[in-house]
1. Which loop-located trypsin sites (Lys or Arg not before Pro) does the range 223-329 contain, where loop means any DSSP state but H, G, I, E or B and the Cβ has at most 10 other Cβ atoms within 10 Å?
2. Tell me which of HIS261, TRP153, ALA249 sits at the most positive position along the dipole axis of the chain, charges placed on C-beta atoms (Lys, Arg +1; Asp, Glu -1).
3. Name the longest site-free stretch of the chain, where the excluded sites are chymotrypsin sites (Phe, Trp or Tyr not before Pro) in a DSSP loop with no more than 15 other beta-carbon atoms within 10 Å.
4. Over the chain, give the accessible area per residue in Å² for a 1.4 Å probe, as an integer.
5. With +1 assigned to the C-beta of every Lys and Arg and -1 to the C-beta of every Asp and Glu, and no other charges, what is the dipole magnitude of the chain about the Cα centre in debye, to the nearest 20?
6. Tell me, what % of the accessible area of the range 2-60 is carbon and sulfur with a 1.4 angstrom probe?
7. When a/c reaches 1.5 or more, the comparison of a/b and b/c decides; with that in mind, is the range 176-317 rounded, prolate or oblate per its Cα gyration tensor?
8. Could you tell me whether the range 1-103 comes out rounded, prolate or oblate from its Cα gyration tensor? Rule is a ≥ b ≥ c as square roots of the eigenvalues, rounded for a/c under 1.5, then prolate if a/b exceeds b/c, otherwise oblate.
Amino acid sequence: MTRILAYEPSLKRIEARLPEAAKGVEFVTVDDSGVLKLNGREIAIEDANPEIGWMTVELFGAPASRNFFVTLLKAPALKWVQSAAAGFDNPAFKSLVSNGARLTTNNAQALSMAEYVLWGVLDHFQRGPDRRAAQSRHDWTRPSYREIGRMNWLIIGFGAIGQAVAVRAHAFGAHVTGVRRTPGQHPAAQAMATPDQVISLLPDADVVVLLVPLSPSTTHMADADFLAAMKPGSILVNVGRGDLVDEPALLAALDAGKPEHALLDVFHEEPLPADSPFWDHPRVTLTGHASSIGDGLGPRGEALFLDNLERYLTGKPLLNEADPKDVLA
């Protein structure tokens with residue numbers, strides 16, 4: 001019998017929607033306190049031995065997360081893990097894949113993260129802080145602003161999230177260049193490029209969005225040379241991973257005025273220390289790794305798991321399966 005490890009609150013929401021092929025499976029659940037149960041009976045981590053692990057966004061940061069991960073790592077029968085994350089740089093994923101498990105990533109964040117990016121870019125170019133300050137002063141002012149429909153967007157990392165950003169930016173009239181390792185055109189972009197072309201494209205880009213996975217080749221990709229090549233008046237958006245950016249170099253570049261602004265949702269150290277200079281920098285808009293947390297994130301993630309579960313149980317290809325070579329790089 002196929003055994004699935006799931007977070008108890010998440011399982012309760014999907015039980016009535018399980019595919020027909022899942023009628024014979026059994027679930028090991030992890031409750032809010034980290035206790036594992038099988039058929040209502042408490043069991044030890046060593047006795048769980050799931051074949052499938054289903055991770056959800058709400059599990060991250062919850063007290064149950066430690067026992068959930070430990071259970072997966074100690075399960076000799078584990079064959080597949082559905083992640084709640086878009087990336088796979090977490091060391092736990094490397095361990096799971098090196099143990100032989102298949103890993104599928106989550107693209108449920110794409111829509112919510114794309115909306116976040118458009119919000120942040122629009123708020124900056126529409127002079128949102130100035131408008132709110134004028135309102136608080138009861139000051140009837142009419143500031144001019146920059147239209148994003150006249151801009152060039154460079155989206156570095158053109159997976160599901162990058163494509164969702166591209167579609168929305170282009171809907172405003174922006175010209176989008178997507179960057180990915182595989183050459184060739186894409187319907188969501190007006191132009192495509194490969195990573196080796198990025199430096200030459202930066203001087204013309206009004207908006208630069210970082211969405212590549214973190215790897216040895218992408219760590220600190222936004223370094224002093226990268227930032228120096230950016231266009232005056234441009235904005236750098238990082239919703240990928242904090243270590244894509246050389247943070248001291250970014251602070252120095254912002255102080256020098258290029259880029260003009262940075263929209264940052266991820267950082268090298270999280271939570272961001274209270275004494276970080278990013279908090280109060282006048283050229284920074286920051287949030288606490290929250291760009292994906294729209295109200296549709298959970299339902300989209302559940303739909304993906306249910307689809308992939310049916311595929312797994314019926315021997316069909318899984319959606320969003322990560323290449324083990326990339327995970328272990």
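The values are calculated or read from the model by the stated rules, or taken from the named source; none is laboratory data. Only a predicted model underlies this, so the values are computations on that prediction, with no experimental measurement involved. Counting neighbours? That spans all protein chains shown, and the Cβs are built from the backbone with ideal geometry, glycine included. Accessible surface areas use protein heavy atoms only, side chains included; no ligands, DNA or RNA. Shrake-Rupley method; radii C 1.70, N 1.55, O 1.52, S 1.80 Å.
1. none
2. TRP153
3. The segment 173-278 is the longest one with no such site.
4. I get 48 Å² per residue for this part.
5. Roughly 740 debye, rounded to the nearest 20.
6. After summing per-atom areas, the C and S share lands at 46 percent.
7. oblate
8. Cα axes put the range 1-103 in the rounded bin.
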